[in-house]
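Below is one structure, written out as structure tokens, with a few remarks after it.
Rule-based calculations on the coordinates, nothing more; no lab input. Everything numeric here is computed off the predicted structure, so don't read it as measured data. Note that each Cβ is placed from the backbone with ideal geometry, even for glycine, and that neighbours are counted across all protein chains shown.
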Amino acid sequence: MEDTQMPDHNKKILIIDGHSILNRAFYGLPDLTNYEGLHTNAVLGFLNIIFKIIDEEQPTNMCVAFDVKQPTFRHLMYKEYKGTRKPMPDELREQVPLIKEVLTAMNITIIEKGGYEADDIIGTLSRIADKDGYKVVIVSGDRDLLQLATDNILVRIPKTKAGGTTVENYYAADVQKLYGVTPVQFIDMKGLMGDTSDNIPGVPGIGEKTAGKIIQEWKSIDNALEHIDEIKPPKAQKNLREFADQAKMSRELATIKLDCVLDFNLDDTDLFDMFNDKSYNIMKRLEFKSMLKRFDAKPDAQELKPEITVINENSALDTVRDTVIAAGKAGMYVISDSDILYGIAITCDARTVYVINSMSGVSSDAMSDIVRDIKTSGTSICIGDIKSCLNDMDFSECDTNVLDVGIAAYLLNPLENSYNYDDISKEYLEVMLPSEKELTGKEELNAFTFISDNFLELFAYKALVPLLAMDTLIEKLKGTGMYDLYMNVELPTVYTLHDMEKRGVRVDRTALEEYSHKLESRIKELHDSIIEYAGKDFNINSPKQLGPVLFEDMALPGGKKTKTGYSTSADVLEKIKNVHPIINDILEYRQLSKLNSTYAIGLGSFISSDGRIHGTFNQTITATGRISSTDPNLQNIPMRMELGRLIRKAFIPQDGFVFVDADYSQVELRVLAHLSDDSVMKNAFQNNIDIHSTTASEVFGVPIDEVTPLQRRHAKAVNFGIVYGISAFGLSEDLGISRKEASDFIEKYYDTYKSIKTYLDGQVKFAKENGYVKTMFGRIRPIPELKSSNFMQRSFGERVAMNSPIQGSAADIIKIAMLHVNIKLKELGLKSRLILQIHDELLIETAKDEVDTVRKILVDEMMHAADMTVPLEVGVASGNNWYEAK
DNA sequence: CAAATCACG
DNA sequence: ACGTACGTGATTTGC
């Protein structure tokens, strides 16, 4: 091999026109926002474009030029320069610093200099690089830059077309081919034709066509002026003569400078280490999932990757147990899928992870024994997700040394999407680890794959990360005042939820099927009727097809609403249901389709071989501390409409049992009364007076026994509104009244409940100062939206600040009640078990001889779950199915 | 994979 | 002047 250094001929620089590409990206992509409400579409589009070009060009160097908000020589020459340009929309403006942040993190040079436009910087730089032997590629959305093309300098113009991005490429010859002029003559052409977007005047009456012809023939404006008498057509000749100075000035305005004084070195634009922690974190924050794929090389993973010792014999277990107990703290992961237990990964220091293989010489008894020994030794066992391993491990709410990392991280920031080992590692260990998907891809866990390197590495992280992160998490929980909440509420709740999942709820498959058949025959009738009214066949389930049918073909009123088309949502249709009978049919059709697909058919598919549905309760999903329910969602079984409510007849207790159902009455308003210490509202609850009637009486100034049903309905809506963080608009929409009336209601409401107003204002103020709000039990909800520059986002943040302490405290209360009830049932050795929690309601499958005891436990524990200045009222009912028990 | 719709609290 | 109620999850369309 020759010992000569590579000459610079092999260097290639990519010069990006920052604002122009950002602008293209902004208008090319639909609006996107991340969880903070930050608009991100332009940044994402920008990155997509430049990565596409980087992939194609493989440049060695790169930089991005931006304009600076400062007049340039062009403004001095011609004060109307760029005068007609519209200001950037706010959604785009806020993305300018964002893209700069991303580029900086990726070590990509940003060039901006007062007095120069990006074009001039690009022009100058392209010439310097060219002279230094670089290949040069300029990327811009702006055709003005075509004047910079030469045989060595390529100008690329990306276009966003129907999904994909295509790029037009121009060397000097391509410019010539397209416009019939050289890149330099292109400037003269622009001098003649002007440019509306930059407000360059040019010569009146001369457009692209004429300008092209003149320059093709005469090569330049100066030369054309010398032969002014020969210019054709006559109109152009006359105008050019008259506006000769303006043409010359326009040419100068349009000329990109090639001799700016730039105080930087080409070597500064070397591309290196674009994919690092910092850029990864920003991309993650912006929620650019597709970008994260580019961060495959994770240098840090090596640092944390421990030795993995696979244990295949019982005899080796003693050492493992002794080592772990001596350390006093362990990280553990149970390796299993729904049916099979493969083993466990366990570690007590960052150097070694033991993977105990229960598919080999290790007996499952021996494995259970060492876990039990470790547990009873008092060793802290740190686990990523305790609930997921409870089918194989007999931990209980009494084992206070078994700790859950996911739940700790959720309490510290409930807004994250997931609390997997890689999330925890990034956030609390500041180490980037490959995700589960990256490690094992599509490979499934089975007896063979489970001891493959990739799976072993995965298990190692799943055991190790909890061990390493737990101390930090506990410290932070203490620091934020949430340690008690964690230990006394969240951790025991894990076991309660697992108990409910394991028990499941019995559902009568035949009843669901019969119900479905009834629905289907009515759905068919409605379908035919709707098609007949419409006069043509179409898919009623498609709002995109339904909209035009209703508002164009049938010309019904109330059309147009969104950018994508007509809204056909129930509240829109509700308003025009008297105009045409098709509307009622559609509403009924929708209702029945929903009941059938989501409930009758949907639920049926979840019934297990034991005749019961074992859904999943999630403890780390909601922003407020509520539980959520999935696969299926058992917290949204129909209730409000009689027809839907009938589904509840299919939810039945096992033989010899009945259902006992208990729910709180207006917990959220009671919580509000307590938190705000409002004497008027507290008084109503203390004296057990109907709260909505009280509100109506106060707000409308009538005696409580003269409140009309309408007044009560309005008052009820206002009470709800208050809990949601009221707005006059929202209330007026809900009640179908004017905004003025709605805001009058609100004003009178605050007049009545003065302390509530004070309290809510106080929450918003607290949130603005601290960035979060707290529940009665110290649970935190961060509100990043309050820092947004966007009015709408900020208003949302304010509503959240008002709502979260209320919804969250209510969630805390029922969680406490729920776990007390569950523990009591077990303590008393009852056969009855908790099976569902629906936010303010608990359902217990109750042995017939335990009904009285269970009713008492429910009422007792629910009423006394929290110490408040207003009583908590609980309603109880029982029955042979869920329909009867409500 | 996102948007629209609608079920619940 | 802005454009909205708070918190969830499942299904269906259609790009």
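Nearest 10 degrees, 0 to 90: what angle lies between the long axis of helix A:317-327 and the longest principal axis of chain A (Cα atoms)? Value to nearest ten degrees: 80.
Put simply, region A:181-256 fits an ellipsoid with semi-axes of 17, 13, 11 Å; these come from the alpha carbon gyration tensor as the roots of five times its eigenvalues, largest first.
Highest mean packing comes first when the peptides A:684-696, A:197-209, A:12-24 are listed by Cβ atoms within 10 Å, giving A:12-24, A:684-696, A:197-209.
Relative contact order for region A:514-606 using alpha-carbon pairs under 8 Å, separation at least 6, rounded to a whole percent? The partial results should precede the final answer.
On the way: 72 pairs, mean separation 31.0, N = 93.
Worked out over region A:514-606, it gives 33 percent.
A compact globular protein would have a Cα radius of gyration near 2.2 N^0.38 Å; the ratio found for region A:176-222 is 1.03. Sorting A:339-352, A:314-327 by their mean Cβ neighbour count within 10 Å, with the most densely packed peptide first, gives A:339-352, A:314-327. Candidate cross-link partners of A:LYS536 among the aspartates and glutamates, defined by an alpha-carbon separation under 18 Å and a same-chain spacing of 8 or more, comprise A:GLU525, A:ASP528, A:GLU552, A:ASP553, A:ASP585. Taking every Cα-Cα distance in region A:584-687 and sorting them into 5 Å bins from zero, the calculated P(r) comes out as 2, 9, 13, 16, 16, 14, 12, 9, 7, 3, 0 percent.
Of the trypsin sites (Lys or Arg not before Pro) found in region A:573-655, those in coil by DSSP whose Cβ has at most 16 other Cβ atoms within 10 Å are A:LYS577, A:ARG640.
In chain A, the longest principal axis of the Cα atoms and the axis of helix A:667-676 are about 70 degrees apart.
Taking a straight Cα-Cα cut-off under 19 Å and skipping sequence neighbours fewer than 8 places away in the same chain, the lysines within cross-link reach of A:LYS113 are A:LYS69, A:LYS82, A:LYS100, A:LYS257. Using only alpha carbons, region A:363-490 has a radius of gyration to Kirkwood radius ratio (Rg to Rh) of 0.98.
Can you give the alpha-carbon Rg of region A:514-606 over 2.2 N^0.38 Å, where N counts its residues? Mind showing how you got there, number by number?
Working: Rg = 13.9 Å, N = 93, 2.2 N^0.38 = 12.3 Å.
Taking N as the residue count of region A:514-606, the ratio is 1.13.
Of the chymotrypsin sites (Phe, Trp or Tyr not before Pro) found in region A:504-578, those in coil by DSSP whose Cβ has at most 16 other Cβ atoms within 10 Å are A:PHE538. Rounded to two decimals, the Cα-based Rg/Rh of region A:713-755, with Kirkwood Rh, is 0.92. Once the convex hull of all Cα atoms in region A:152-308 is built, its volume per residue stands at 208 Å³. Could you state the angle between the C-alpha long axis of helix A:851-863 and the longest principal axis of the C-alpha atoms of chain A, as a value from 0 to 90 degrees rounded to the nearest 10? That helix lies at roughly 50 degrees to the long axis.
Please figure out what share of the DSSP beta bridges in chain A is antiparallel and state it in percent, rounded to the nearest 5.
Details: 48 of 78 bridges.
Within chain A, antiparallel bridges account for around 60 percent of the total.
Straight-line cross-link partners of A:LYS740 among the lysines, defined as a Cα under 21 Å from its Cα and at least 8 positions apart when in the same chain: A:LYS575, A:LYS716, A:LYS748, A:LYS754, A:LYS757.
Which whole-number percent of Cα pairs in chain A have a distance greater than 50 Å? When all Cα pairs of chain A are counted, 39 percent exceed 50 Å.
For region A:553-631 versus region A:28-70, the spacing of their alpha-carbon centroids is 38 Å. Between amide H atoms placed 1.01 Å from N, distances below 5 Å from A:VAL155 occur with A:ILE138, A:TYR170, A:TYR171, all of them 5 or more places distant or on a separate chain.
Averaged over residues, the count of other Cβ atoms within 10 Å places the peptides A:140-153, A:251-264 in the sequence A:140-153, A:251-264, highest first.
Would you compute, from DSSP H runs of 4+ residues alone, the mean residue ellipticity of chain A at 222 nm, taking -39500 (n - 2.57) per run and dividing by the full residue count, rounded to the nearest 500?
-14000 deg cm²/dmol
Sequence gap at least 6, Cα distance under 8 Å: using those rules, report the relative contact order of chain A to the nearest whole percent.
Working: 1435 pairs, mean separation 79.3, N = 886.
Answer for chain A is 9 percent.
Computed on region A:699-850, the Cα convex hull volume stands at 169 Å³ per residue.
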